[in-house]
Every structure is written in structure tokens, then in C-alpha cells.
1. Enumerate the aspartates and glutamates that Lys399 could reach by cross-link, defined here as Cα to Cα under 19 Å, with residues fewer than 8 away along the same chain left out.
2. May I ask which of Lys6/Lys64; Lys100/Lys280; Lys139/Lys186; Lys17/Lys308 have a Cα-Cα span longer than 29 Å here?
3. Along each of the three principal axes of the Cα atoms of the stretch 218-307, give the extent in whole Å, ordering the values from largest to smallest.
4. Return the percentage of antiparallel bridges among DSSP beta bridges fully within the chain, rounded to the nearest 5 %.
5. Residue separation times 0.36 nm, minus the C-alpha to C-alpha distance between Leu338 and Asn187: what's the value?
6. Antiparallel as a % of all DSSP beta bridges within the stretch 209-365, to the nearest 5?
7. Rounded to the nearest 500, what is the chain's calculated 222 nm mean residue ellipticity when only DSSP H runs of at least 4 contribute -39500 (n - 2.57) each, over all residues?
8. For the stretch 209-365, what is the convex hull volume of its Cα atoms per residue in Å³?
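The values are calculated or read from the model by the stated rules, or taken from the named source; none is laboratory data. Owing to the predicted nature of the structure, the values given are computational and were not obtained by experimental measurement. In this analysis, Cβ positions are derived from the backbone assuming ideal geometry, glycine residues included, and neighbour counts consider all displayed protein chains. Surface areas here come from the heavy atoms of the whole protein model, side chains and all, with no ligands, DNA or RNA. Shrake-Rupley method; radii C 1.70, N 1.55, O 1.52, S 1.80 Å.
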Amino acid sequence: MDFHIKDLSLAEDGKEKIEWAERRMPVLGRIRERFRKEKPLSGVRIACCLHITTETANLARTLKEGGAQVVLCASNPLSTQDDVAASIVKHFDIPVFSIKGEDEDTYYTHIMKALSFFPNITMDDGADLVSSLHMIAHKKFDILHRRLKEWAEGLKEKERRSLFENVIGGTEETTTGVIRLKSMEKNGILLFPIIAVNDAYTKHMFDNRYGTGQSTIDGILRATNILLSGSKVVVSGYGWCGKGVAMRAKGMGAHVIITEVDPIRALEAHLDGYEVMEMKKAARIGDVFITTTGDINVIRKEHFEVMKDGAIVGNSGHFNVEIDIGALEEMKTEKRKLRGHLEEYVLKDGRRIYLVGEGRLVNLACAEGHPSEVMDMSFSNQALCVEYMWKNGEKLEKKVYSVPKEIDEEIAYLKLSSYGIKIDKLTKEQKVYLSSWELGT
Ligand code: NAI
């Protein structure tokens, strides 16, 4: 089996962590049991570009139990858990191409390896796999994709075409990926249907909010070990992730400030009890800055220029573009690594700015990503959406689709039942009442 990981001898540690996650993912466990019996994914080849974590290991096992052949590569150069990657290879016989800290070239070489598996279904977290495939299809590469371009140019035309002609459809895990895919659909270049897993309620309401909320704070604390209580934490973006981060920072005693560009979300933040202001003002008073926008250069030169000595900046949005690291690099006179995931930038006037996790998503770079309990729902959506795509993909158009409501609700019911919670059902009378307009008082 072809694979590329850090060290196979780490596999035993990884296995124990995967088992621990498995115990906290009961919904995915039930799906895996059904998949084992019914083999609904028999014959399908799935390439997954995901964070290589314990939860991903359990998802990959589930797909394999369903009869699929699976290959994994990383969706971020810093998020791989090397021991988990080793265990996926050794104990579950699933090829993995991913090493924590890999450079851009290796990152895209690994994506190439996953593509050369000729998948029928793609699974992405951030759309790097699908966009790479589209670059090959449309023969349009940017400078980052030198390796991808060389590889595609070396393929025979028949091979190149079958790379994307084999694909029935794909799924996408995160907000940023969905934005990229919708842009491809809008530009008329999307080659196959995609299900936006992120848009399921049982995904973004829980994963983005409670998952990112808790694990982002975890990442900041593991990287810095600062006391949050009493500090001023600036959260940029009051979307699903930002709400979670703000809520948890507040819960730990921080004074939370929100920056936004959307007037409705800014208003929501204000009425939720946070201070809302422009970044140019927040930059002067914040102790810790966390971006969760999916946008570019949210914290940039003009903000670094007025930050306090000792300010800490980190990002939890998908790509490492939210903090303008290039500006910091230009402004610095000295730079050193202080702790595992903390870099100190000394500016001309002597002020020090601390960058956490190279500006990559801090919860995965500096901690372990989302707790398994929320990934249980996200990855159950993935497993059921792959099954749906395999059954229905050929009937779908080249569009970005929402997760079918039945799948979303099934996952919510299964999750509730795993907590031992039962809820009421509508009576016949209530159903009639709720669907009629004639009945008033
Ligand atoms: P969202 O769309 O719900 O929220 C983003 C918010 O940022 C919006 O309210 C938008 O108005 C605001 N925003 C955009 N530009 C801004 C700017 N310049 N300044 C201030 N606010 C700005 O998106 P969601 O779901 O919260 O995701 C945010 C990012 O986090 C995405 O990149 C997503 O892929 C990523 N993500 C990261 C996870 C992680 O594990 N760290 C997990 C889930 C999502």
C-alpha cells in the first residue's frame, strides 16, 4: 500500500486515541454498524481531504465498513496528528498522505496522491481537493500549484480526463469550502454536484459554534498558557464560529469585543451583551485577537501599528489569510519561536506581537480540533451524504446542494437518543393547526 506519513511506529498511540474518540461518537457508530451489514458503498472510491484527526479516522473506518475504498490526505499542513495517521494506515489499512508541518509542495503532492486514486466521490474540508481537480480539468494553475501542474502535464490525456470524469459528486465540510464551491457554480465551471455538509443544521450549529468555540480557546491556552479571565479578547466575525469563541471566552471571564462587517450580526453581538467596534479601535485595546471570518487581511499593518506591547494574535478561520503575516514579517526587526506554537515578532519601536500557530486554524494547529462529540454529527452527515451521493449523484446537476432534511433530522434524533433524551411528537390536531391558515383564536 502506498502511503506517506511521519512514522508508522507511532501507530499504537494513535489507535488508543481513535478508540477514545469512537466511544464519544455514538451516531457515527450506529451508521457504521448499518454500513457493515448493508455495504451501501460497495465499489465506490472515495478521496478524503480532511484534517487527519481521531474523528476522521473513525469516519474513514465507517466508509470502509460500508464497502468503499478510501484514501486520505490532509486539508491543512499543520492539523495532522501523526500518530493517528500511522494507526489509520497500520490498523485500518487505509492509505494516508499527510505529515504535520509539511510544506506547500508536500501538501499538494499529497493532494495529487489522493487524486491519483481516481475517486468517484470527493470529500473536502476547504475545497482544496476539488479545486485542484478543477485546475487540472481547466488547465488553470496558480503559482502555489507548481507540483500539481507538473504532475497534470505528465499525465496522458485519457488519464487526465478520467481524473474528473470518474467523479460522480462530492461533499464539503466547511464554510470557506462552500463559498469557494458556490463561486465555481456561479462561474459555470463546477464539474459535478457537491453536497454542502456545512449547511446542515446538525453541522454548523454545533460544530462551528460549540466545537470551534471550545477548541479555539483550548488552542490559544495550550499555545500560551495565559489567564483569560480579565483579559480583553477581540473576536473578529460574529458568525457561527465567532459566536462560539466569544461565548466561551466570556464564560472564562474575558472581556469580549466583537468586530463585524455585517450589520445584522453586529447588532446581534451587541444585544448578546458584547462590545462591538471597528478593528482600528479594538486593535488599540485588545490583549488577545482571534479571527473567525473566512475573510482576508482582517488584521493588517494599520492594526499591528497600534496594538499594545504583548498582544497575542491567532486565527480560527479556515485559511491562514485572516492575519496579514506578510505585514508582520515586514514590520519586524526580530523574530523568534518562544514556545511550540508561539512566535514573537519584535517591531521597530520595541513592541512585541505574538502570533499563535503560524496564523493557521489555532484549534487544530495548537490543540486537537473539535471534541469528538460534535464531530459525531458532522461526520455522520458526511457518511450519510456520501451514501446519498452514491445513490443519487447521477440524477443531480452540477450544483452545490444542501444536505437533505431527512438526513439532518435523522442525525438530530440519533444524537438526542444517544443522550437519552426523548422529545414530544406533534399530535394530529397540532399538525392540522400548524398547516392551516383558517384557524385563529
Ligand atoms: P460565518 O459566515 O457564519 O461567519 C463569518 C462572519 O465573519 C460573518 O458574520 C461575516 O460578516 C464576518 N466577517 C467577514 N469579513 C469580516 C471582516 N473583515 N471583519 C469582521 N467580520 C467579518 O462563517 P463560520 O461558519 O463562522 O466560519 C468562519 C470561518 O471558520 C470559515 O473560514 C470556516 O471555514 C472556518 N471554520 C473553522 C473551523 C475550525 O475548526 N477552526 C470549523 C468551522 C469553520
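1. Within the straight-line limit of under 19 Å, Lys399 reaches these aspartates and glutamates: Asp124, Asp125, Asp128, Glu165, Glu172, Glu173, Glu185, Asp199, Glu387.
2. Details: Lys6/Lys64 23 Å; Lys100/Lys280 35 Å; Lys139/Lys186 19 Å; Lys17/Lys308 40 Å.
Cα-Cα > 29 Å for Lys100/Lys280; Lys17/Lys308; rest within.
3. That gives 33, 30, 21 Å along the principal axes, largest extent first.
4. Approximately 20 percent, going by the DSSP bridge assignments.
5. Numbers: separation 151, 0.36 × 151 = 54.36 nm, distance 4.47 nm.
Computed gain between Leu338 and Asn187 is 49.9 nm.
6. So the antiparallel bridges amount to about 35 percent of the total.
7. Values: 19 runs with 200 residues, N = 441.
Using -39500 (n - 2.57) per qualifying helix, the result is -13500 deg cm²/dmol.
8. Details: hull volume 14.2 nm³, N = 157.
Given the Cα convex hull of the stretch 209-365, per-residue volume reads 90 Å³.
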